[in-house]
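Structure record follows, encoded as structure tokens.
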Amino acid sequence: RRHLSSTSSVTHHARRRAHPSLERGDSLRETDGVQALEAYATCSTDALCSDMQRLTWIVENAVPNGHRSMLERLATHAPARGGRMALNMLGRSHWYAGETEQAEAYWSLAARSGRAARDTQWVTSILNVALVQAKRGRLFPPLMLYHQGREVARTLKDPYHVAFSTVRRGHLLIQLRCLDAAANEFHDATPLIEAVTHREHHLALLEAANTGRGHLLRDLGDLEGAYDTYERSRQIMMMQGGRFQAVTAGIEAHKYSVAFDLFPDKRIEILREVETLTARYNVRQVWRRGIHYKRLYLWLRYLDEEGGAPHDARALLKELIALDQDLSVHQQETLRIAQIGERLGEPELAGQLYEQHASRLLKQIVDAQDTAQQFPEMQHENLKDWALLDTVPREAALQHEQILPSLRRLWRPGNPAYESVVRNGLVLVCAWCTRVCTAGGGWLPIAKLIPQAANETISHGLCEDCAAREFGIH
């Protein structure tokens, strides 16, 4: 034992002598992070990864100090968990820079490479993939991903990710118009957030939960409550030193949007405040475009309600239609813009918006099938979320008959939603549970998503689950 201990000690010291820059970086880490990273940049990947504490420090500090290339090297060559840490941090740096495609690419790679591990880094990556998908307007797949991430986080006793996934599910359920379910998620999140002791994480969760409650109150018609809740979110973000400026600007945009209806005598003042948001905060790319959309939307409403110049309103309408195609937009805003277009005598422009909204509704069929194929185990694990598809369906279409013609026009061969459920002119529905058989072979509760008065014949059959439960047929 003495011989082995001595040999190990000699090897350790020889390694340190072979990497003087590594030793220098370790010694400077607590006092001069920039110089420490300069020293680490000259070390080999194996040397940097020889200590997990060192690797964690590098991953957390490389990008803020201008060493993204070092992180990219670690993401490519570091051992499994260390590499996934680097991938997640690279994704985070691109996300806050507004570069969502690059962020999703890094997080997706981390999720695929860590699927077998199911550790905290894997949970981080799939929850971040869900965040990007939700930002792009996909709703059902991220809802399922948040569920899966939350269940794994619970087994890992990871309170932050349990709370994070619960809050984000609340946000998605609001977009799906499942307001009661969203309220339950935010209620459940309150004690979960209190259990998170890390200050930065705790504040981030408080902000997200308050912003979500603001959206909920807005959609329930409580504008005063929404305004106050958005203001609390803004104050929480300011407590973090203004580091997440795009998020703060987004919260202020929501607050001003509510204030536009709450304080009609101050609309010009509110519009001027919205005009200055991107200048007051360092907002980039997709975040900037979202705030620009909100600004144009409020100006269009002002011109419509105050009798402004029609040609100015038409110019705003055209620009909003172009932006609506690429952003995750609140459906009530889309429908209101379309109705303004009709009042302006622009039925074709209004029709484009109705068609874009109808396309989003049909896309839920494709999203549901994709989720079932990507996570087949989820079809039986998370029945509550699948049942939501029966309640989501065509609420907007039922409230706004203008969307129904668009749904019928889009429902044809070649449309991805159509191809997902129609085979040889037939839609096969289980006679017991009413789930629909998809092209992927699964049975999903999407019957209410199929447009009314569709020309396809409904053919009734029996899904495997009902066959086993009702008749003992396996």
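Brief remarks on what is shown
- Mean separation of Cα contacts under 8 Å (6+ apart) over length of the chain, as relative contact order %: 8 percent
- Considering only T166, L192, A134, and ranking their Cα positions along the charge dipole of the range 108-200 that arises from unit charges at the beta-carbon of Lys, Arg, Asp and Glu, the one farthest toward the positive end is A134.
- FRET efficiency estimate (nearest 0.05) - Cβ-Cβ, E470 to M239, R0 60 angstrom: 0.60
- Assuming charge only on the beta carbon of Lys and Arg (+1) and of Asp and Glu (-1), the dipole of the range 174-277 about its Cα centre is about 260 debye to the nearest 20.
- DSSP bridge pairs, the chain: antiparallel proportion in percent, nearest 5: 50 percent
- Full extension of the chain between Q102 and S44 yields a length gain of 18.3 nm, computed as 0.36 nm times the residue separation minus the alpha carbon distance.
- Counting Lys and Arg as +1 and Asp and Glu as -1 over every other residue whose Cβ lies under 12 Å from the Cβ of A439, the net charge comes to -1.
- The range 197-268 and the range 292-365 have Cα centres lying 24 Å from one another.
- The charge dipole of the range 103-152, taken about its Cα centre with unit charges on the Cβ atoms of Lys, Arg (+1), Asp and Glu (-1) only, comes to about 120 debye.
- Reachable lysines, given that their alpha-carbon falls under 20 Å from the alpha-carbon of K255 and they are not under 8 places away in the same chain: K135, K266, K294
- Separation of alpha-carbon centers, the range 105-136 and the range 417-444, rounded to whole Å: 30 Å
- Per residue of the chain, the DSSP helices (runs of n ≥ 4 H) give a summed -39500 (n - 2.57) that works out to -22500 deg cm²/dmol at 222 nm.
- A Förster radius of 45 Å, combined with the Cβ-Cβ distance separating A80 from R343, puts the computed FRET efficiency at roughly 0.15.
- Residue order, fewest to most surrounding Cβ atoms within 10 angstrom, among Y40, Y96, Y293: Y96, Y293, Y40
- Overall, the anisotropy analysis places the range 79-163 in the oblate class: the square-rooted eigenvalues a ≥ b ≥ c of its C-alpha gyration tensor yield a/c not less than 1.5, with a/b not exceeding b/c.
- Cα coordinate range in the range 114-234, projected on the principal axes (Å, largest first): 47, 31, 21
- Separation of the A322 and S69 label points, Cα + 7 Å toward Cβ, nm: 3.7 nm
- Ignoring lysines fewer than eight residues from K448 along the same chain, the ones with Cα atoms less than 24 angstrom from its Cα are K363, K384.
- Size of charge dipole - the chain - debye, nearest 20, with Cβ of Lys, Arg +1 and Asp, Glu -1, no other charges: 1500 debye
- Spin-label model, S359/R232: points 7 Å from Cα along the beta carbon direction are separated by 3.9 nm.
- Subtracting the Cα-Cα distance of H187 and S27 from their residue separation scaled by 0.36 nm leaves 53.0 nm.
- Principal semi-axes of the equivalent ellipsoid, √(5λ) from the alpha carbon gyration tensor of the range 184-241, are 21, 15, 6 Å from largest down.
- Each of (i) 62, 49, 46; (ii) 73, 63, 40; (iii) 85, 68, 40 is a candidate for Cα extents along the principal axes in Å; the one calculated from this structure is (iii).
- Computed E for D312/N424 - FRET, C-beta separation, R0 60 angstrom, nearest 0.05: 0.70
- One chain, two ends: D180 and Q374. Fully extended at 0.36 nm per residue, the span grows by 67.1 nm beyond their Cα-Cα distance.
A short reminder: the numbers here are calculations on the coordinates, not readings from a lab. None of the values given here were measured: they were computed from a predicted structure. With ideal geometry, Cβ positions are generated from the backbone for all residues, glycine too; neighbour counts draw on all protein chains shown.
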